[in-house]
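Here, each number is a calculation from the coordinates, and none is a lab measurement. Values in this document were obtained by computation on a predicted structure and should not be read as measured data. Neighbour counts run over all protein chains shown; Cβ positions are idealised from the backbone, glycine included.
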There are 2 protein chains.
Amino acid sequence: MNRTLLFVGAGARTDSWINAFAEVAPEIDFQPYEPGQDVSDVPYCLAWKAPPGIWPAMKNLKIIFGIGAGVDRLLADSSLPRDVPLVRMVEPELTRGMVEYVLWQCLFHHRKVWELEAAQSCSTWRPHSYPAPWDRTIGIMGLGELGSAAAERLVEFGFTVRGWSRTPKSLPKVESFFGADQLPAFLSKTEILVCLLPLTADTRGILNAALFAQLPRRASIINAARGGHLVEADLSAAMASGQINAATLDVFETEPLPPEHPFWSTERLYITPHNASITDPRSAAWRIAKQIAKFEAGEGLDHVVDCARGY
Amino acid sequence: MNRTLLFVGAGARTDSWINAFAEVAPEIDFQPYEPGQDVSDVPYCLAWKAPPGIWPAMKNLKIIFGIGAGVDRLLADSSLPRDVPLVRMVEPELTRGMVEYVLWQCLFHHRKVWELEAAQSCSTWRPHSYPAPWDRTIGIMGLGELGSAAAERLVEFGFTVRGWSRTPKSLPKVESFFGADQLPAFLSKTEILVCLLPLTADTRGILNAALFAQLPRRASIINAARGGHLVEADLSAAMASGQINAATLDVFETEPLPPEHPFWSTERLYITPHNASITDPRSAAWRIAKQIAKFEAGEGLDHVVDCARGY
């Protein structure tokens, strides 16, 4: 049985993936791709950034595993075979890390850290108030694995949580909205907007001037999804006007964010370097091996991407 | 039945207390103290900062309610009658707010915000890593109402949590230490130290150079208890040497913290103005009224301070 898993993950931590498979899934023949390698018999591929032209050369490919929660980068490659199942990374550690990030950043914006920073920078003790969490409305765009887990945790903290997604979703104690028609109602009371959407043709540029204008004045934006969701110039303008008061961004149209980008020096705009949450290789290796075993046993795969839908 | 509750709460939000009692406990005759007022018949007192000499004048006092979780300030007044029950504030909102603060600050230190700030201040995209929460040990000093609630929530987030208290305590998934003998073992692996102790003769100045030296190098300190727990000059020295890498302080020996205090401009020292958590007047009024009703029915009071113990 050929159990080669070709790793096309330039930029990812190759060594930790090698070690992870050796440790938890030694039955998998994990091979980091080397230029010029004959890939015609490779059945399985774990992909982050694929080298140009590699897909047509994998003539016997049976499953493509994405390395992260989003597969927009893979789908953007028109040579990606559409008849081979593409599996999204759904991995508890990735979800847990994202929930940690969202909670941390929601508390950061809820407690208005910029007011504390301003007081400290001028050595002034200023009374500082913040609402009870039920008087703070947090809106989550995207109620998939990550968004629904984050919503659940925010509810536990007592926040008033609303969610928006493409199709109707029902989550305990979360006021849910769906589709373009209900987006304005969702936005109208959202004080802290968290974007955890998949990046698709429908969601590209969704965080734009028109959306910002529908939020309550002085809202906060947290984008932990993809840089392509945000129209960066629109955020700069909305922050300059005060419509958006503060933002935390983990993702950008161009990464690394170039040194000359105005975001670096925008007040109350906080940058994290696309590390909100990271796939854990050991946990992922165990899951990938399990999916390969299911596939070999003729069973169905989990978390297969609907290419038309885009996630 | 005389149900006068005298409010000696200078500096607290008097109006919100008046409104709270009017709304949820109208049977209580809530009276903000006015200088010169005859207090000889007052049976109940809600106290924050008591005017000098007021205690001996309250000749018929039956219960003293503290307005916050700590009663050190009240006990410091030698004229406070030791034969009248002193009741600590145990109020779910106060606890919830403190848990929110501790989580926020632990995530802040866990994710090393100072590294993000440094990268942003020089417009540089720097890879930024942080451990899994189980590879991060948080130690909580004080396992009372606040400390045990915070420990429970940190455990839910996956952190490795240890606790230290005066007497043995047992909490699920928390490695517990107690007494002076076990303090070094508790400290030896604590990377983020959270102080939620009551301020007593035993705990005054407990956060000092000797304690800092027993922590792993580059530990973080979060003090949300009382300024008196911390020897401020020792923290400055420990941060200058790098033994303590970062700190968040909500409380200070002198509050408001004077403008000339070196803490304002200490790098990686974050200041919140004694507002980590705030007693909710409505919730507190309801609980105080309930305790008064129990007292009138001849039942025992909850959360009575042991004056010898100091909390």
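Remarks
- For segment A:254-260, 3J(HN,Hα) computed residue by residue from phi via the Karplus equation (6.51, -1.76, 1.60; θ = phi - 60°) reads 10, 10, x, 4, x, x, 8 Hz, glycine and proline entered as x.
- For segment B:92-271, a crude dipole built from +1 on the beta carbon of Lys and Arg and -1 on the beta carbon of Asp and Glu, taken about the Cα centre, is about 520 debye to the nearest 20.
- About the Cα centre, charge dipole magnitude for the protein assembly as shown (Lys/Arg +1, Asp/Glu -1 at Cβ), debye: 320 debye
- Those residues of segment A:207-224 whose amide nitrogen sits under 16 Å from the label point placed on residue A:189, 7 Å along Cα→Cβ: A:215-217
- Between residue B:178 and residue B:294, residue separation times 0.36 nm minus the direct Cα-Cα distance comes to 38.4 nm.
- Helical content of chain B, expressed as a calculated mean residue ellipticity at 222 nm, amounts to -9500 deg cm²/dmol (DSSP H runs of 4 or more residues, -39,500 (n - 2.57) each, divided by residue number, nearest 500).
- Whole-angstrom gap from segment A:103-126 to segment A:208-276, using each part's C-alpha centre: 18 Å
- Cα gyration tensor shape of segment A:1-78, rounded if a/c is under 1.5, else prolate or oblate by comparing a/b with b/c: oblate
- Rounded if a/c under 1.5, otherwise prolate or oblate - segment B:114-227, Cα gyration tensor axes: prolate
- C-alpha long axis of helix A:92-110 to longest principal axis of chain A, angle in °: 10 degrees
- Tilt relative to chain B, helix B:14-24 - C-alpha long axis, 0 to 90 degrees, to 10: 70 degrees
- Under the Karplus curve 6.51 cos²θ - 1.76 cosθ + 1.60, θ = phi - 60°, whole-Hz ³J(HN,Hα) for segment B:229-236, x wherever Gly or Pro sits: 6, 9, 8, 4, 5, 5, 5, 4
- Using the Cβ of residue A:171 as centre and a radius below 13 Å, the other residues enclosed give a net charge of 0, where K and R count +1 and D and E count -1.
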